[in-house]
Amino acid sequence: MASRINSSFTLIPNQKHRRNNRRTSCYSKTLGSGFQPISTFGNFKALPLEIFQIILKYLSVKEISMLSMVSKAISHHIINYISTSSGSKRLLPQDFHNLELPGRRQDSAILEHYRSLGLLFKRCTLLLPTKERLRYIHKILTEVSCFKFSGCAVPMQCLGFTCYGMFLQTLTAGWDELECHRVYNFLCELTSLCRKMQMVVCSKPGSARKLELRIRLFCRNVLLDHWTHRSDSAFWLTQILKPWPMVNQARLLYIIFGPVSPQDGQVVWQKMIEEPTDEFSLKGLADAIKLLYDSGTKEWTADDVISLVDELSVVPHEWLLENNARLLMLTGNNICLTFMASKAVNGRAVELARFIVFLALVCEKELYCMDWTVKMMQRVCKVFSTPVERNNFLQNVANAFACVTMEMLQSIMSGDRDQDDRSFLNLFHLVHAQANFHKEVLYLTMNTPLSA
C-alpha cells in the first residue's frame, strides 16, 4: 500500500492547485544531470541592486508587499530599499495637514496608504522576533515627526496619529496578547506615556490641558479607534486603564472619552456638574463602559465596571444626577440594572429612588417610552429580600418625586433671570415625567394595556 502523503503545508494566497510532483519530476529528468536550481532571488539576481530599486518605484505599496513574500532574499532587498532615502521618502508621505481636496478624499487615500504600509512591514519583518521588529519599525518611522507624541504643533488638524494607528492596527492584527502587550510597553517606553498619564491624573483637572489633549488623541487615534473587533478594542483599553487605581482609571476614562470643546478639542471638565448635557457628550463614555462590561475577560468583572461608573460620576466633582441617569441609559439595560441593583443591595434605597426620578425625567425629555423606567423599577424591586424593604423603597420613590419637584421650584424662585427659563422648562418636564410615570404604574397595577 502506498504511504499517505503528509497534507500539512502552508497555502500560498490565491493558489488554487498544488503543482503535480510527478510532472515536476519528469521535467527535472529532461533537463539532464546539469540542471541547477534557480536562486531564491530568481531572475532578479542578474540585476544590479540599483535597477531592482528602480523597478520597485513602479510598484504600488500593495504590490511591493506581495513581492516581499516571494523569498527571504527579495524581502531583505526590499527592507534595504525602505531604509534608503528615496524609498523612505516615497513610502512615508507626510502630507498630514493638506486638507484642500473637497470632501477630504485625500484623508482616505493616505490612510489606505499607511494600511498597506503596515502590511508591507508585517510581511518584511515576519521572521524577526517581536522586539527586533519593533526596533526596526521605530527606526524607520522615527523620521515622521507627526508620529511622535509631541511632534506636531497642530495635532487637532493633523492626520499623523490616525495614520500611525492604521499602520499599527494592520501590523499587529492577528498577534497574540503577549506580543500586543509588548507592543504597548514599547510604545509607553518610547513616548513616556505612563509618566505623562501620571502627571494629568495627579494634577488638578484642566491644569494641563494641552497634555490632556495629546493623551486623548494618542490613545484614541493610535491605540483604540481602528479595530473592527470589540475584543481588540477592549484589550487595548484594558492595557491603558488597568495599571492604575480605580480613581485614576475614572479620570483617564474621562480624558479619553469625555466631552470636549468644539473649538479647540480640549476636555471640558465642568460640563457634567453645571448643567444637563446631551447624549452626544456622553456617547463616548457610554460606549467605553459597554466595551469593558461586554469584554468577558477576567480583568473586568461586573463589580469592577460598576465601581468605575461610581468613580466616574464624581469626576471632577459630583455630577448632576440627570447626567448620571442619561449615561446609564446609554450603556444599556444590563449595566443600568446592575448599577441600580448594586445600590439596592448596599442599602442605598434613597439614592436609588432619586435616580429613578431622573431616569423618568430623561425619558420625558428624550421622548423615550416611560414604561421602560417603570419596568426597570419593577425588576429592581425583586432585589429587595422582604416586602417591607420593597414597600419602603416604593415610598422613597414617591417622596423623591415630591422632593425633586420642590428643589426645582425653589431654584426657580431664588435663581437669576438668565436661568429662569431653563429651570422652569426643567420643572415642566419633571411634572410631565411624574404624570406619565404614574400613568404607567396605574396601567401596570390595573393590568390594562396602553392602547387608549
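Annotations
- From the alpha carbon centroid of the stretch 247-301 to that of the stretch 147-203 is 19 Å.
- Value at 222 nm in deg cm²/dmol, rounded to 500, when DSSP H runs of n ≥ 4 in the chain each add -39,500 (n - 2.57): -20500 deg cm²/dmol
- Low-density loop positions, trypsin sites (Lys or Arg not before Pro), the stretch 265-325 - DSSP coil, at most 13 other Cβ in 10 Å: 298
- The magnitude of the dipole of the stretch 332-446, with charges of +1 and -1 set on the Cβ of Lys/Arg and Asp/Glu and taken from the Cα centre, is near 520 debye.
- Per residue, the accessible area of the stretch 332-446 comes to 56 Å² when a 1.4 Å probe rolls over the protein heavy atoms.
- Low-density loop cleavage sites - trypsin sites (Lys or Arg not before Pro) in the stretch 370-403, where at most 12 other Cβ are within 10 Å (DSSP): 382
- The listed peptides 357-363, 154-160, ordered by packing as a protection proxy, come out as 357-363, 154-160 (highest mean of other Cβ atoms within 10 Å first).
- Average silhouette area of the chain, convex hull of alpha-carbon atoms, in square nanometres: 35.0 nm²
- Shown here for the stretch 184-282: GluC sites (Glu not before Pro) in loop regions (DSSP other than H, G, I, E, B) with at most 10 other Cβ atoms within 10 Å, of which there are none.
- Across the stretch 332-446, Cα-Cα pairs farther apart than 18 Å form 52% of the total.
- Rounded accessible area of residue 413 (nearest 10 Å², 1.4 Å probe): 150 Å²
- FRET efficiency estimate (nearest 0.05) - Cβ-Cβ, residue 107 to residue 367, R0 30 angstrom: 0.25
- Using C-alpha pairs under 8 Å with a sequence gap of at least 6, the mean separation divided by the residue count of the chain gives a relative contact order of 9 percent.
- Taking amide H as placed 1.01 Å from N in the peptide plane, the amide H of residue 260 sits under 5 Å from that of 268, each at least 5 places away or on another chain.
- Relative to the Cα centre, the charge distribution of the chain, modelled as +1 at Lys and Arg Cβ and -1 at Asp and Glu Cβ, gives a dipole magnitude of about 2960 debye.
- Residue-span extension gain [residue 90 to residue 229] - 0.36 nm each, minus C-alpha spacing: 46.9 nm
- The angle between the Cα long axis of helix 21-31 and the longest principal axis of the Cα atoms of the chain comes to about 30 degrees, rounded to the nearest 10.
The values are calculated or read from the model by the stated rules, or taken from the named source; none is laboratory data. The model shown is predicted, which means the values in this text are computed figures rather than measured ones. As a convention, Cβ positions derive from the backbone with ideal geometry for all residues, glycine included, and neighbour counts pool all protein chains shown. Note: accessible area is taken over every heavy atom of the protein model, side chains too, but ligands, DNA and RNA are not part of it. Shrake-Rupley method; radii C 1.70, N 1.55, O 1.52, S 1.80 Å.
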